[in-house]
Every structure is written in structure tokens, then in C-alpha cells.
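Q: First the structure, which I've put down as C-alpha cells, then a few questions once you've had a look.
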Amino acid sequence: MNGNGIFRERERNRLIYDKVSSWKRDQEKAVQRVRGLPVRLRTQGLVMVVADLIRGGDPCDDRMLEILAEGLLGRTPSSNFLDLLKECIEADRGGYLKMQHEAMVLMEQTKVLAEALWANQKAK
């Protein structure tokens, strides 16, 4: 792995840790929600998962959308996340496949970190 890959990995881990460690309300529900997202991304695709999360309107869905938006776009988009959906839809094939792969990595790592942090909270 080159220096860029290592930096990207650290950047991704910091983003996820900061987001997940800030989950105070509905932490168990958020952990449950994120558990299914890596599989859903593989089977349904990024556009359908983002659209479904937007449609859900649950605070836990918004947390997942924030991680995806910041990880994929480098910023949190507008409060309704429609610009994230638009970016996914308008990406060319290569760009979409990169976004899809990064989204799967983001959600898989979010799942692992969320489970670890939640297990630690439960143990206290």
C-alpha cells in the first residue's frame, strides 16, 4: 500500500471513530442498522441504499448518510442528503464503482468500530 492508501485509511478511520463515538442516543439501534448495510450495498447498490436511507428519515439513517457523504464527497451535504444521491447517480461508471467500493469499506469499518465501542459501553 502506498502512502496515499495509508493516509486514506487513517482519514477514514478518524471520520468513522469521530462519528460513531458521538452517537449518544439510540446507540444500540444505530449499531443494528449499520450491521446490514455492507450486504445491502453489495446486493442493492449504492444509489438504492442512499435513496432508502433518505426515505427512512430516521436519525440512525441520517448518521449513516453523514458517514457516507463525508467519506465519499469529503463534506456533509445539505440536510436532506439529496446532493449525495445526485452525485451517486451522475457519476460515470468508473466513478460510481469507486464510490460503491468506498461506501462498502466505510460501512464495514463503521460496523466493526460501532460494535466495538458499543460493547465497551455495555461493559461499563
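The values are calculated or read from the model by the stated rules, or taken from the named source; none is laboratory data. Remember, predicted model here, so these are calculated numbers, not experimental data. Don't worry about glycine lacking a Cβ; one is built from the backbone with ideal geometry, like all the others, and counts go over all protein chains shown. Ligands, DNA and RNA are excluded from the accessible area calculation, which covers all protein heavy atoms including side chains. Shrake-Rupley method; radii C 1.70, N 1.55, O 1.52, S 1.80 Å.
Q: Determine which single condition Asn4 fails, assuming it passes every other condition in (1) open to solvent by less than 70 Å² (accessible area, probe 1.4 Å); (2) at pLDDT below 95; (3) not hydrophobic (A, V, I, L, M, F, W, C).
A: Only one criterion in (1) open to solvent by less than 70 Å² (accessible area, probe 1.4 Å); (2) at pLDDT below 95; (3) not hydrophobic (A, V, I, L, M, F, W, C) is unmet by Asn4, namely (1).
Q: If I go through segment 30-49 residue by residue, how many of them are touching a Leu at 6+ places or on another chain (Cβ under 6 Å) and either farther than 13 Å from Met104 by Cβ or among the basic types (Lys, Arg) (or both)?
A: 0
Q: Hey, another quick one. Taking segment 88-104, which residues are over 24 Å from Asp26 (Cβ atoms) and either crowded, with 19+ Cβ neighbours inside 10 Å or under 12 Å from the mean Cα position of the chain (by Cα) (or both)?
A: The answer is Cys88, Met99, Gln100, His101, Glu102.
Q: Any residue in segment 47-63 that is under 18 Å from Trp118 (Cβ atoms), surrounded by 19 or more Cβ atoms within 10 Å (Cβ to Cβ), in contact with a Ser or Thr (Cβ under 6 Å, 6 or more places away or on another chain) and touching a residue at least 40 places away in the same chain (Cβ under 8 Å)?
A: No, because not a single residue in segment 47-63 is under 18 Å from Trp118 (Cβ atoms), surrounded by 19 or more Cβ atoms within 10 Å (Cβ to Cβ), in contact with a Ser or Thr (Cβ under 6 Å, 6 or more places away or on another chain) and touching a residue at least 40 places away in the same chain (Cβ under 8 Å).
Q: Can I ask one more? So is Arg42 open to solvent by 50 Å² or more (accessible area, probe 1.4 Å), touching a residue at least 24 places away in the same chain (Cβ under 8 Å) and farther than 20 Å from Lys19 by Cα or not?
A: When the stated conditions are applied, Arg42 passes them.
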